[in-house]
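For reference, the structure discussed in these notes is given below.
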Amino acid sequence: MRFSTAILLFLFPAFVFSENLNGIWKGILTQGPGGCYAQYFIEFQINFSNNTITGKAYDYYDTTKFVKLSFTGKYNPQTHRLVLIENKVLQYNIPRDCVPCIKTYDLIYEKKGSDEMLSGEWKGHIMDRRNTCPPGKISLKKSSHSDFPVDIDQSDTLADIQKTLHLQPRELKLSKTLVLDTSSIKLEFYDDAEIDGDTITVLVNNKLLLYQQRLTDKPLTIFFNAFPGTEYELIMYADNLGTIPPNTALMVVTAGEKRYDVYLSSSEQKSASVKFIYKPKQ
């Protein structure tokens, strides 16, 4: 029986292995005649969960001439195929005679030694028009750093609130620094000790993720995806002090199979902060 089990593990290692597409991917994108440039650099910032993909794409001639887009997609682990569809132009700074192209990518994932790669083809249409863009090819390799700022995903509602949000400047008090070995991070906030009406506003890397939410014995939950080479700072801002000052919370951090309990305390003078650093397993 032991011998049979060993044979099965030897013959079917692929069923145990699962690709982690989370992270930064950088490479080259080519375009056929009629495009602004024959070749661009390309960077994907991929968030990957349950074979569903979200993220940001930067195609650029250099870091001053770029188009930033959001995308969604799917991954098939049996065929190692990804289809990514850009859905919105977020920002661009390109020559006047160039127009952003909204693209669909058809890619294959493969791993060679320690290198992880994506390659395939793309097609698309010109922004605000039905005209097609000259299609091309694309190849990328997973990277340990980004050439652009890494975003925290934020809902449209919170993004609209943040546009007019003016929080009073307060001193930051670092509560803890956590070094994590997984990219998917879950945060849950509870009132610490007695429930006394504390409400909090939470930002991660200056992106508003909770706004004036009341702490109770039921969790306020945030999910975010961390990228290697980026430090993340969470700030818990006290909207009030409840009936028992200061404003205190228990933050439960779940990262893979690990759990951390972090106690936070904020006042009208100081805001609690926590730093997260993602270091992938070697």
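The values are calculated or read from the model by the stated rules, or taken from the named source; none is laboratory data. As the structure is a prediction and not an experimental result, all values here were calculated from the model. Note that we place each Cβ from the backbone using ideal geometry, even for glycine, and neighbour counts take in every protein chain shown.
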Just to verify a result, which residue in the stretch 238-261, among those that are of a type in the set (A, V, I, L, M, F, W, C) and closer than 16 Å to residue 226 by Cβ, is surrounded by the most Cβ atoms within 10 Å (Cβ to Cβ)? 251
Out of (1) more than 21 Å from the chain's Cα centre (by Cα); (2) at pLDDT 95 or above; (3) among the hydrophobic types (A, V, I, L, M, F, W, C), the odd one out for residue 193 is which? (2)
Among the residues of the stretch 93-121, how many are in contact with a strand residue (DSSP E or B) (Cβ under 9 Å, 6 or more places away or on another chain) and either more than 17 Å from residue 136 (Cβ to Cβ) or in a strand (DSSP E or B) (or both)? 20
Suppose we filter 146, 175 for residues that are crowded, with 17+ Cβ neighbours inside 10 Å and not in a strand (DSSP E or B); which single one remains? 146
Say we look at the stretch 61-70 and pick out the residues that are touching a residue at least 24 places away in the same chain (Cβ under 8 Å) and closer than 20 Å to residue 88 by Cβ; which of these is surrounded by the most Cβ atoms within 10 Å (Cβ to Cβ)? 67
Given (1) within 23 Å of the chain's Cα centre (by Cα); (2) modelled with pLDDT under 90; (3) more than 22 Å from residue 223 (Cβ to Cβ), where does residue 58 come up short, assuming only one miss? (2)
Kindly indicate whether any position in the stretch 31-39 is within 19 Å of residue 142 (Cβ to Cβ), more than 11 Å from the chain's Cα centre (by Cα) and in contact (Cβ under 8 Å) with a residue 60 or more places away in the chain. no
Enumeration of residues in the stretch 262-282 that are small (Gly, Ala, Ser) and either buried (at least 18 other Cβ atoms within 10 Å of the Cβ) or assigned to a loop (DSSP other than H, G, I, E, B) (or both): 266, 267, 271, 272, 273
Which residues, taken from the stretch 109-155, are of a type in the set (Lys, Arg) and closer than 23 Å to residue 229 by Cβ? 111, 112, 141, 142
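Residue-wise test of (1) in contact (Cβ under 8 Å) with a residue 24 or more places away in the chain; (2) among the β-branched types (Val, Ile, Thr).
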site	(1), (2)
161	yes, yes
166	no, no
174	yes, no
191	yes, no
209	yes, no
225	yes, no
231	yes, no
244	yes, yes
Given the residues 129, 170, which is the only one that is closer than 30 Å to residue 36 by Cα and surrounded by fewer than 17 Cβ atoms within 10 Å (Cβ to Cβ)? 129
Exactly one of 182, 221 is of a type in the set (S, T, N, Q), outside the structural domain of residue 44 (by TED's automatic domain parsing), within 20 Å of the chain's Cα centre (by Cα) and at pLDDT 95 or above, and that one is 221
